[in-house]
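Notes follow once the structure below has been shown.
None of the figures in this text is laboratory data; all of them are computed from the coordinates on show. Fair warning: this is a prediction, and the values are worked out from it, not measured in the lab. Cβ placement follows ideal geometry from the backbone for every residue including glycine, while neighbour counts extend to all protein chains displayed.
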Amino acid sequence: MMKASAIIVAGGVGDRFGRPGGKQLAPVAGRSVLSHTLAAFELAGSIDEVVVVVHPDRVGEFAMELDGFDKITGVVAGGQTRQASVAAGLEVVDPGAELVVVHDGARPMVTPDMIDSAVHALVEADADGVVVGHPSYDTIKRVGADGAVVATEDRSQLWVAQTPQVFRAAPLRDAYAAAREEGFVGTDDSSLVERVGGRVVMMLGPRDNIKVTVPEDIVVAEQVLEARARQS
């Protein structure tokens, strides 16, 4: 099996969340959002190490949340953007890792099976990356600056991208180097790989793999996690 390193991005300030301390440390179903995420990666058999990227001013606050996870090999101060934070993580992951998994710390519904399936999908695929997501079930409108609808997109070809996103290490590093040299900022890691000609494929994931962004997301996350606990 290829060696896989995971980068957990937990460096955001959570402005939209509106809670002191932000979303990463918000309690949900008995533990913090970030702790749920880390627990899934700890149990994923495909993951060899985990690097956590946190806000540079909050390393001490996160220390307790990171205690007890054996796969964590590094805690890194993030940058001004998510992209800069992932780049910081790439600097410290095992240089011998053949695969790199990037995941949002604020997606606590990720499961070990989801992580392992994404890693195995890339190992077997003729591709540079695999992105977990799902088809867009809603109608998507493209809207101008004045709020007027410019176009209604063909949703049959549209997917909602989530994380984890898994990449072969060399193409991901090359894509980050190119983005840095050319001043490109993408909305996710896949967009960086795509723009330099990399082949990325989608893998169907559950719709409940939401990212905690606003306070009401905590309610949804708690219901899902508690339902899973009852079923286990």
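Listed by chain and number, the lysines whose C-alpha is less than 17 Å from the C-alpha of LYS211, apart from same-chain residues fewer than 8 away, are LYS23.
Taking the number of Cβ atoms within 10 Å of each Cβ as an exposure proxy, the fewest-first ranking of LYS141, LYS71 is LYS141, LYS71. Placing a label point 7 Å from the Cα of GLU216 along the Cα-to-Cβ direction, the residues of segment 23-57 with a backbone N closer than 20 Å are 23-24, 26-29.
Karplus-based coupling profile of segment 80-91, in residue order and whole Hz: 6, 10, 4, 4, 5, 5, 5, 4, 5, x, 4, 5, with θ = phi - 60° in 6.51 cos²θ - 1.76 cosθ + 1.60 and x standing for Gly or Pro. Here, segment 39-155 has an Rg and a Dmax of 17.9, 51 Å when only alpha carbons are counted. Residue-normalised convex hull volume from the C-alpha trace of segment 58-102: 85 Å³ per residue.
Near ASP48, once Lys and Arg are set to +1 and Asp and Glu to -1 for all other residues with Cβ below 12 Å from its Cβ, the sum equals -3.
Ordering ILE115, ILE7, ILE210 by the number of other Cβ atoms within 10 Å of each residue's own Cβ, fewest first, gives ILE210, ILE115, ILE7. Size of segment 86-221: Rg and Dmax of its alpha carbons, in Å, are 16.2, 50.
Between ILE7 and VAL51, VAL101, VAL102, HIS103, the built amide H atoms are under 5 Å apart, and every one of these is 5 or more places off in sequence or on another chain. The amide H of TRP159, built 1.01 Å from its N in the peptide plane, has SER136 as neighbours under 5 Å, considering only residues 5 or more places off or on other chains.
Equivalent ellipsoid of segment 167-207: semi-axes from √(5λ) of the C-alpha gyration tensor, largest first, are 20, 12, 8 Å. If eta is 0.890 mPa s and T is 25 °C, what Stokes-Einstein diffusion coefficient results for the chain, Kirkwood Rh from Cα pairs, in µm²/s? Value of D from the Cα-based Kirkwood radius: 135 µm²/s.
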